[in-house]
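This report refers to the structure that appears directly beneath it.
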Amino acid sequence: MPERTPLVGGNWKMNTNLAGASELARQVGEGAAAHEGVEVAIFPPFPYLIASGESLAEARSRVRLGAQDLWTEPDGAFTGEVSTAMLRDCGAEIVLTGHSERRHVIGEDDDRVGAKTRAALEAGLTCVLCIGETLEERDAAQTDAVNVRQARAGLDGVSKAQMERVVIAYEPVWAIGTGKTATPDDAQDAHAKIRALIEDLHDADVAQAIRIIYGGSMKPANAVELLAQPDIDGGLIGGAALKAEDFIAIVAAAGA
Ligand code: PEP
């Protein structure tokens with residue numbers, strides 16, 4: 001069975017300012033240096049990508065710079081949108097697709113998420129495809145069905161070779177930013193089922209190699225137990241990523 005390098009990503013959402021983002025990136029870059037066995041990424045707001053990348057470079061950090069979103073077309077009349085080439089120009093190597101706030105606040109559907117995932121991969125970026133059920137769906141025992149539907153649509157047309165640059169983030173919507181967390185057993189169960197789906201879509205090698213990370217109110221106090229589960233390969237962190245100390249404590253837990 002291949003060793004999967006854990007990935008911990010910090011999704012800063014629409015937070016920070018120019019000075020704060022630069023400083024947070026510097027602190028994360030410095031703090032992550034002690035945890036070489038963990039791949040670390042930050043996802044600052046678009047306007048702060050370049051400054052955050054400069055901070056990481058100054059800290060001689062191997063933390064990867066990521067973006068929170070992308071647009072599918074290479075250029076043209078798409079007011080307000082940002083292309084994959086623009087992201088790469090700014091130093092981003094990794095991007096989120098299908099984050100629950102894009103799905104449920106902005107209104108992106110499965111097809112849009114799939115198109116964005118394909119565009120990210122075609123541009124050579126690593127893509128963190130986020131999936132997960134709402135509270136209503138969970139209460140209706142639809143967790144697995146939603147994960148299967150979103151993963152299938154999100155990975156539609158993605159080749160086996162491209163799967164090497166895919167990470168799946170299982171993020172139950174009811175746990176994001178709410179302080180509620182899936183139990184380690186529930187999260188493990190969802191992750192194992194997602195891995196089984198990847199085996200159906202591709203094969204056992206792809207399924208064993210892919211990183212499936214958990215997101216939803218992960219913090220230093222619950223990270224150790226969640227990250228100890230065999231199919232949880234890291235975390236996508238929102239609130240706790242805004243404080244370098246907390247974020248690095250989660251990185252440390254992933255490397256333990
Ligand atoms: C997220 O934004 O992906 C997330 C998991 O947020 P939080 O950690 O705040 O729940």
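Assuming 0.692 mPa s and 37 °C, estimate D for the chain with Stokes-Einstein, Rh taken as the Kirkwood radius over Cα pairs, in µm²/s. Walk me through the intermediate numbers first.
Working: Rh = 17.9 Å.
The estimated diffusion coefficient comes to 183 µm²/s.
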Roughly speaking, what is the stretch gain from Ala228 to Glu81, that is 0.36 nm per residue apart minus the C-alpha to C-alpha distance, in nm to one decimal? 49.1 nm
Cβ-placed point charges (K, R +1; D, E -1), dipole of the range 2-69 about Cα centre in debye, nearest 20: 80
Quick one: if you take sqrt(5λ) for each eigenvalue of the C-alpha gyration tensor of the range 115-159, what semi-axes come out, biggest first, whole angstrom? 26, 9, 6
Near Arg4, within a Cβ-to-Cβ distance under 11 Å, what is the net charge of the other residues, with Lys and Arg +1 and Asp and Glu -1? -2
For the chain, what is the calculated [θ] at 222 nm in deg cm²/dmol (nearest 500), taking -39500 (n - 2.57) for each run of four or more DSSP H residues and dividing by its residue count? -12000 deg cm²/dmol
Among Met86, Met218, which comes first, then next, by fewest other beta-carbon atoms within 10 Å? Met86, Met218
Taking 0.36 nm per residue of separation between Thr183 and Asp203 and subtracting their Cα-Cα distance, the length gained on full extension comes to 4.4 nm
Cα centroid separation, the range 203-256 to the range 1-80 (Å): 16
Per 5 Å bin, what is the whole-percent P(r) computed from every C-alpha pair distance within the range 41-110? 4, 17, 25, 22, 18, 9, 5, 1
Output the relative contact order of the chain, whole-number percent, from Cα pairs under 8 angstrom with separation of 6+ residues. 21
How far apart, in nm, are the 7 Å Cα→Cβ label points at Glu54 and Glu122? 3.3
What's log10 of I(q)/I(0) for the range 160-256 at q = 0.16, 0.18, 0.19, 0.24 Å⁻¹, Debye sum over Cα points only, no solvent? -0.64, -0.79, -0.86, -1.20
Arg4 versus Glu136, label points 7 Å from Cα toward the beta carbon: distance in nm? 3.1
For the residue pair Ala192 and Arg152, what label-to-label distance in nm results when each label sits 7 Å from Cα along the Cα-to-beta-carbon direction? 2.2
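Which order results if Thr84, Thr97, Thr72 are arranged by neighbouring Cβ count within 10 Å, fewest first? The partial results should precede the final answer.
Numbers: Thr84 23, Thr97 29, Thr72 18.
Placing the least packed residue first, the sequence is Thr72, Thr84, Thr97.
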If the cut-off is a Cα-Cα distance under 16 Å, which lysines reach Lys219, setting aside same-chain residues fewer than 8 apart in sequence? Lys180, Lys243
Once fully extended, how much extra length lies between Met14 and Val105, figured as 0.36 nm per residue of separation less the alpha-carbon to alpha-carbon distance? 31.4 nm
Gaussian network model of the chain, springs between alpha carbon atoms under 10 Å - residue of Glu39, Glu171, Glu108 with greatest fluctuation: Glu108
Around Gly132: net Lys/Arg minus Asp/Glu count, Cβ-Cβ under 10 Å: -1
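Values quoted throughout were computed directly from the atomic coordinates according to the rules given, and no laboratory measurement underlies them. Values in this document were obtained by computation on a predicted structure and should not be read as measured data. Positions of Cβ are backbone-derived with ideal geometry, glycine not excepted, and every protein chain shown enters the neighbour counts.
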